[in-house]
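A.B. asks: I have a structure I would like to understand better, so I am pasting it below and will then ask my questions one at a time.
Read-outs throughout are calculated quantities, based only on the coordinates presented, and are distinct from any laboratory measurement. Treat the numbers as computed from the prediction; the structure is a model and nothing was measured. Every residue, glycine as well, gets a Cβ built from its backbone with ideal geometry; the counts of neighbours run over all protein chains shown.
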Number of protein chains: 2
Amino acid sequence: MKVSKLLGQRFKNAPSDCVIESHALMVRGGYMKYMANGIYSLFMPCKRITRKIEAIIRDEMDKADGQEVMFPVAMPASIWEESGRYGSIGSEMARWKDRSGNNMVLGMTHEEAAVHLARDTAQSYADYPFMIYQIQTKFRDEPRARGGLIRVREFTMKDAYSFHTSEEDLDRYYDVQYKAYENIFRRAGAKNVVAVKSDSGMMGGNVSHEFMLLSEIGEDTIAICPDCGYSANMEAAEVKLENKPSGASPLEKIHTPECKTIDDLTNRFNTSASSMCKAVVYQRNSDDGYVVAFIRGDLDVNETKLRNYLKTEIHPGIVGENSGICAGFIGPVGLAENKDITIVFDASLRGIDNMICGANETDYHYSGLNLVRDVGNVEYVDVAKIFEGAVCPACGKPHITINKGIEIGNIFKLGTKYTKSMDMTYLDASGEAKNPIMGCYGIGVGRLAASICQESHDDYGPIWPMSIAPWQVEICNLRCDDETVNSQASKLYDELASSGVEVLYDDRNIRPGAMFADADLFGVPVRVVVSPKTADRGVFEVSMRDKSWKGDIAIDGAVEEIKKIVSDELAKYR
Amino acid sequence: MKVSKLLGQRFKNAPSDCVIESHALMVRGGYMKYMANGIYSLFMPCKRITRKIEAIIRDEMDKADGQEVMFPVAMPASIWEESGRYGSIGSEMARWKDRSGNNMVLGMTHEEAAVHLARDTAQSYADYPFMIYQIQTKFRDEPRARGGLIRVREFTMKDAYSFHTSEEDLDRYYDVQYKAYENIFRRAGAKNVVAVKSDSGMMGGNVSHEFMLLSEIGEDTIAICPDCGYSANMEAAEVKLENKPSGASPLEKIHTPECKTIDDLTNRFNTSASSMCKAVVYQRNSDDGYVVAFIRGDLDVNETKLRNYLKTEIHPGIVGENSGICAGFIGPVGLAENKDITIVFDASLRGIDNMICGANETDYHYSGLNLVRDVGNVEYVDVAKIFEGAVCPACGKPHITINKGIEIGNIFKLGTKYTKSMDMTYLDASGEAKNPIMGCYGIGVGRLAASICQESHDDYGPIWPMSIAPWQVEICNLRCDDETVNSQASKLYDELASSGVEVLYDDRNIRPGAMFADADLFGVPVRVVVSPKTADRGVFEVSMRDKSWKGDIAIDGAVEEIKKIVSDELAKYR
């Protein structure tokens, strides 16, 4: 490809609406063009990158016994009514009526379509297991599209669905997909990827993993132990604490009119927040019933953990006058007698024999609280938010770090949610009708491309891994008005291209500075400079975009030499 | 791929809603599944076929200097408002409001998106010409989806857009695309394809070609001369006639109360329909003004030709009481004096010196009509419908045949329609702002697959050309419970697959008849049968799906032999 004919402009300054480097670089480099909020067209370089990512994904899915299929983008609402999601999904789903008045939707995901395709045909246990996947356009009306291709409304996604006759077989295959995902991200050149076991969710019991590319611009937060490699979502990371007995004191009611916050109390009682029994109030969405979580004063509640424990949706509580709750002075002693209030004790309170807590009476606190003595048989659950320096639940060392990540893929044990609701059955060996057990596995193609750019760039442009680079080699012809330079560069272009190397050829009559700036934005791994100086020396000047190597190679044999550099580089991503 | 694990059912009887063979075979063969009117999911075999077609298209588009890009499926209405098509397109376009209340549409075609992508970047004449294309999902809310993938509402399409600075350059490139299309259809194995120069359309002056696969199930009608290869759409096919003078008679008004039809008149006057001057009445859509077309009595008017000549939309006329038209007795003599009526004389009337026509008076006709003598200076235009056996306008032989065809591709000189309305300009060499001239080029991928199936099948299934076949070789293991047979078949499968041959392996324990019926439906070009009989003889039984060859090959060296059959077959589609 000649740069002179390549559609797309490169420019120097980042557009003001780009707050993320990868977004700015991909706009500045002529990779994509904004059409509407979260909707982009892709220029050739970006399309080449996403096609290479798709080829890697396809290869790994095929190796994992996947059958590539194609589901519709536009679907009748009827199959989403079967699963119940037509009603449960909100304004993220695009909906319209077709010319006959039928309700239609745009696919955000294709569990319904997968069951629809499979249910009439896989009717015997002998037909199982199988996996079907597609790589296709999806639309989700995201309220907060951001970061260029990181979070868009229209996107290309690989979505795969596996069907099994036993949990054991799903477990086995889930592991196959887990490994395929590791291969995909490695082959695409993503470096800092961790698989995070995530929130088991409201549905209870199902395992899923999110593959996170660690990045400061990520929207997800992950706890990682650098010592043992443990990683977990915030809501899945267990907080392990050991409290040492400090010596019991009697429960004593104290007048504390000036104490409204933990800080006030630590000052008043001259003790630390870890000696406080803090109350956090929530309400159930269903009936506004109160939930009071008690937790050690230096910790916070992780709402998702609490939600999962309660198996119901909750929101921060508003304490009304007739609530039976004394805002600012809430404590466990006596509160449990109010049957309208659900009380949860975080495990961080276990083993503390002497705490400060509210006395459920305005302007009064208790000191000397001992939960077992003063409240009785307390059940402790882990609803605390993990923190930097927490003890790793796997190896026990207090080295937990809190990291940001971009979710670049997820795998999920779905169970029978869709096969049950959509009435997909097979006959097992004994002739009994059963619902198959499903897994699903997704990767957003554009987001992965943008995430790799985010991870692998410098101030001047992306540094594309060879495996997904738009081209493998860029030739910079610094003097296309010089006959020798021109013929050397053009010959190299022709010979490399005809020997199967993907070459971008900058044949424009522009200043070297401008050409190099564009080359940095193209991010092509190998750069070959041809100039009067190199011609004089009988060489080409070759450099790697990642600055790992720079040197001259003789014009004689240059094609073979460059091919070797490309193939050596490609080998790193096998 | 093992058939035992392939998702999709084959069955014997065509579903009752399939009226076209290819549709029936592709449903019976487990290629596709109906989800809603004109909306299908594709099983793996069909996805493999369409991917191969896409690869052929991509290769030819790249050779034609195309840059593969990606436009959104979901677009803001705003860019369709710029071109004016948001208002002019009707219910074929899917529309909805996004969560912010913006009007959105699903792309039916991407001229607007192409101009949007290109307009800010190709601002100098030196940036031209260029071509961008994509292969992607489109949605058109077709009122009459039919024939399986032949006419659907959601489909995958290759759409390409070229931009030029002169008509000459568009002409040059149009020819490049024309040849690329010929290559694509040949390589995909479509046999009877003709390029038809089509209706220049209401917009006037623009050239386009439709590529038609000749088929009885086609919805388009084409005139073809088998002698010289001339082909044209019905509305573009010129009707050439020569009328010989038969000897003039005087104009004579005759009482014909019983004559209402051409048949009545031929009986009454004992002459042929070709001696009649027939009137056909239309009305303009704009103001209901009357248009009367006179044509030789044995011919019909082609409405599109008439419409294009008049440069206005028309519909069949309803003759009212005050119309000044005497229904059933319309003739040219005297009618021209009514200035409210537009009169058109078809060229088929030229040179006839003695005709029967209406006398514009109830129950009266004229005989002896001579247009030049009785009406005056008549302008003849070609608005006649061409017919079987008409004279070829190219070679002059009376051998025109009328054929049905499926439109499998089209190329179109768009001109500046979109660049003008969407204000895309470049500066020419003299610094003047100009609108680029566009061409556009489309191919429906699924329709091409279905059309090839329609052209290439027998009663038992599709006969896929090697270049697009879902697999290249199918191994039928007739006795998977026989150890020798099983090990021979499995070994062949492994060896062929690992040497890069695409193999479907029927490893099921079913009757040979059922296995062969399925193999016919898979339509794989090369079939290898392994059975106790072949094992005894030390051979594999090989046959071609198209019945062109059948024979035994020795087990020793079978892999090489089969590879050669495959590559010889592939070579036919280069």
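A.B. asks: Expressed as a whole number of Å, what is the distance separating the alpha-carbon centroids of the stretch B:436-481 and the stretch A:18-48?
C.D. replies: 36
A.B. asks: In nm, what is the difference between 0.36 nm times the number of residues separating B:ALA514 and B:ARG350 and their Cα-Cα distance?
C.D. replies: Fully extending the segment from B:ALA514 to B:ARG350 adds 52.5 nm.
A.B. asks: Going by Cα centres, the stretch A:98-146 and the stretch B:157-179 are how many Å apart?
C.D. replies: 37
A.B. asks: With just the Cα atoms defining each centre, how far is the stretch A:230-293 from the stretch B:287-323? Give it in Å.
C.D. replies: 89
A.B. asks: Please report the net charge: other residues with Cβ closer than 11 Å to the Cβ of B:ARG268, K and R +1, D and E -1.
C.D. replies: Spelling it out: positives minus negatives among the neighbours equals -2.
A.B. asks: Select from chain B the helices, each a whole stretch of DSSP H, whose alpha-carbon atoms run 18 Å or more along the helix axis and whose Kyte-Doolittle mean is at least -0.5; answer none if there are none.
C.D. replies: TM-like helix candidates: B:558-571.
A.B. asks: For A:ARG373, which inter-copy label distances result when the label point lies 7 Å beyond Cα on the Cα-to-Cβ vector, reported in nm to one decimal and in ascending order?
C.D. replies: Spelled out, the distances from A:ARG373's label point are 13.4 nm.
A.B. asks: Net charge near A:ASP17, counting Lys/Arg +1 and Asp/Glu -1 over other residues with Cβ under 15 Å of its Cβ?
C.D. replies: +4
A.B. asks: Let me have the relative contact order for chain A, percent, based on Cα pairs under 8 Å that are six or more residues apart.
C.D. replies: After rounding, I find 17 percent.
A.B. asks: If you stretched the chain out fully between A:TYR573 and A:ASN267, how much longer would it get, using 0.36 nm times the residue separation minus the C-alpha to C-alpha distance?
C.D. replies: 104.4 nm
A.B. asks: Take the alpha carbon atoms of chain A, find their radius of gyration, then divide it by 2.2 N^0.38 Å using N residues; give the quotient.
C.D. replies: Computed over Cα atoms of chain A, the ratio equals 1.22.
A.B. asks: Give the nm distances, rounded to one decimal, from B:GLY90 to the matching residue in every other copy, measuring between label points 7 Å along Cα toward the beta carbon; shortest first.
C.D. replies: So the label point of B:GLY90 gives 3.9 nm to the other copies.
A.B. asks: Which distance in nm do the two modelled labels at B:LEU427 and B:LYS533 give, with both placed 7 Å along the Cα-to-Cβ direction?
C.D. replies: With each label point 7 Å from Cα toward Cβ, the separation is 8.0 nm.
A.B. asks: List, in the order given, every pair from A:LYS420/B:LYS5; A:LYS572/B:LYS52; A:LYS97/A:LYS417; B:LYS278/B:LYS311; A:LYS191/A:LYS550; A:LYS197/A:LYS240 whose Cα-Cα distance in the structure shown is over 20 Å.
C.D. replies: Over 20 Å Cα-Cα: A:LYS420/B:LYS5; A:LYS572/B:LYS52; A:LYS97/A:LYS417; B:LYS278/B:LYS311; A:LYS191/A:LYS550.
A.B. asks: So which GluC sites (Glu not before Pro) in the stretch A:60-141 pass both tests, a DSSP loop state and at most 16 other Cβ atoms within 10 Å of the Cβ?
C.D. replies: Counting only loop positions with at most 16 other Cβ atoms within 10 Å, the GluC sites (Glu not before Pro) in the stretch A:60-141 are A:GLU92.
A.B. asks: Please compute, for peptide B:136-142, the average count of beta-carbon atoms on other protein chains lying within 10 Å of each residue's beta-carbon.
C.D. replies: Counting Cβ atoms of other protein chains within 10 Å of each residue's Cβ and averaging gives 4.
A.B. asks: What lysines could a cross-link reach from A:LYS12, if we take a straight Cα to Cα line under 19 Å and drop same-chain neighbours fewer than 8 places away?
C.D. replies: Straight-distance partners of A:LYS12: A:LYS33.
A.B. asks: Provide an ascending nm list, one decimal, of label-point separations from A:ASN486 to the equivalent residue in each further copy; define each label point as 7 Å from Cα along Cα→Cβ.
C.D. replies: Copy-to-copy label distances for A:ASN486: 7.1 nm.
A.B. asks: Here's a follow-up. Hey, what do the phi angles of the stretch A:79-89 turn into as Karplus ³J(HN,Hα) couplings, whole Hz, using 6.51/-1.76/1.60 and θ = phi - 60°, x for Gly and Pro?
C.D. replies: 6, 7, 6, 4, 7, x, 7, 4, x, 7, 8
A.B. asks: Where Lys and Arg each count +1 and Asp and Glu each count -1, what net charge lies around A:ASP459 among other residues with Cβ under 12 Å from its Cβ?
C.D. replies: Net of charged neighbours comes to -1.
A.B. asks: A further question on this structure: Could you identify the residue of B sitting closest to the B-A rotation axis by Cβ and state that distance rounded to whole angstrom?
C.D. replies: Nearest Cβ to the rotation axis, residue and whole-Å distance: B:TRP96, 2.
A.B. asks: Project the alpha carbons of the stretch A:252-381 onto their principal axes and report the range along each, largest first, in whole Å.
C.D. replies: 40, 32, 25
A.B. asks: Once the Cβ-Cβ distance between A:LYS191 and B:LYS244 is put in as r, and R0 is 56 Å, what FRET efficiency do you end up with, to the nearest 0.05?
C.D. replies: 0.05
A.B. asks: Averaged across the residues of B:517-529, what count of C-beta atoms belonging to other chains lies within 10 Å of each residue's C-beta?
C.D. replies: The per-residue average across the peptide is 0.
A.B. asks: Which percentage, to the nearest 5, of the DSSP beta bridges contained in the stretch B:252-381 is antiparallel?
C.D. replies: For the stretch B:252-381, the DSSP antiparallel bridge percentage is about 70.
A.B. asks: Sequence-distant or interchain residues sharing an amide H contact under 5 Å with B:ILE39, placed H: which?
C.D. replies: Under 5 Å from the amide H of B:ILE39: B:ARG153.
A.B. asks: Apply the Karplus curve 6.51 cos²θ - 1.76 cosθ + 1.60, θ = phi - 60°, to the phi angles in the stretch B:96-109 and return the couplings in whole Hz, x for Gly and Pro.
C.D. replies: After applying 6.51 cos²θ - 1.76 cosθ + 1.60, I find 7, 9, 7, 5, 8, x, 6, 6, 10, 9, 9, x, 9, 6 Hz.
A.B. asks: Debye calculation, C-alpha points only, no solvent: report log10 I(q)/I(0) for the protein assembly as shown at q = 0.07 Å⁻¹, in the same order as the q values.
C.D. replies: Values returned for q = 0.07 Å⁻¹ are -0.84.
A.B. asks: Another question, then. So what's the back-of-envelope 222 nm ellipticity for chain A, counting only DSSP H runs of four-plus at -39500 (n - 2.57) apiece and dividing by all residues, rounded to 500?
C.D. replies: -8000 deg cm²/dmol
A.B. asks: Compute the FRET efficiency between A:ASP494 and B:ARG95 as 1/(1 + (r/R0)^6), taking r as their Cβ-Cβ distance and R0 = 60 Å, and round to the nearest 0.05.
C.D. replies: It comes out at approximately 0.75.
A.B. asks: Now for a different question. What does the structure give for A:104-112 when I average, per residue, the other chain Cβ atoms found within 10 Å of the residue Cβ?
C.D. replies: 2
A.B. asks: Follow-up question, since we're still on this one. Regarding the stretch B:524-570, what are the three Cα extents along the principal axes, ordered largest first, in Å?
C.D. replies: 31, 20, 14
A.B. asks: Please identify every one of the chymotrypsin sites (Phe, Trp or Tyr not before Pro) in the stretch B:1-108 that sits in a loop by DSSP and has no more than 15 other beta carbons within 10 Å of its own beta carbon.
C.D. replies: Answer by residue number: B:PHE11.
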